[in-house]
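The block underneath contains the structure these notes are about, expressed in structure tokens.
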Amino acid sequence: MGEYLHFRRFTVGYGLNAAWKQYTYRRPYPGFRQIDLGDLRIDDRYWAGGVTVAAYVNITPKILFGATYRPTFFRFGAAKPWQYEHSATLDLKFYLFRH
């Protein structure tokens, strides 16, 4: 969910995001140093919520290249709900039915 502002050569956007996170920690292979996981669970899955910001350069009216940054700051259903995570991507975006 977001809003994009289109300028002549640039597009910037903002919004909210939700992410489904799932990870599994496995025991290390024999011969490797043991990693102390502390109080982390071995298997974990949860929903996370945060914000999204994006900036694109308009190559043509239907093709955009840019970056998106999605920090998540609240975890739903996790033992530590206010832990911070983020993801950043480089995007090549196409509009198929844009006039």
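Only residues that are surrounded by fewer than 14 Cβ atoms within 10 Å (Cβ to Cβ) and more than 12 Å from the chain's Cα centre (by Cα): list them for segment 64-73, please.
Selection gives Phe65 alone.
I'd like the full set of residues that are in a strand (DSSP E or B), free of Cβ contacts under 8 Å to residues at least 24 places away in the same chain and not aromatic (Phe, Trp, Tyr), limited to segment 69-85.
Initially, segment 69-85 is screened for residues in a strand (DSSP E or B), giving 69-76, 85.
Applying the additional criterion that residues be free of Cβ contacts under 8 Å to residues at least 24 places away in the same chain yields 69, 71.
If the condition is that a residue be in a strand (DSSP E or B), free of Cβ contacts under 8 Å to residues at least 24 places away in the same chain and not aromatic (Phe, Trp, Tyr), then Pro71 is the only one that fits.
Values quoted throughout were computed directly from the atomic coordinates according to the rules given, and no laboratory measurement underlies them. None of the values given here were measured: they were computed from a predicted structure. Virtual Cβ from ideal backbone geometry, glycine too; neighbours counted across all protein chains shown.
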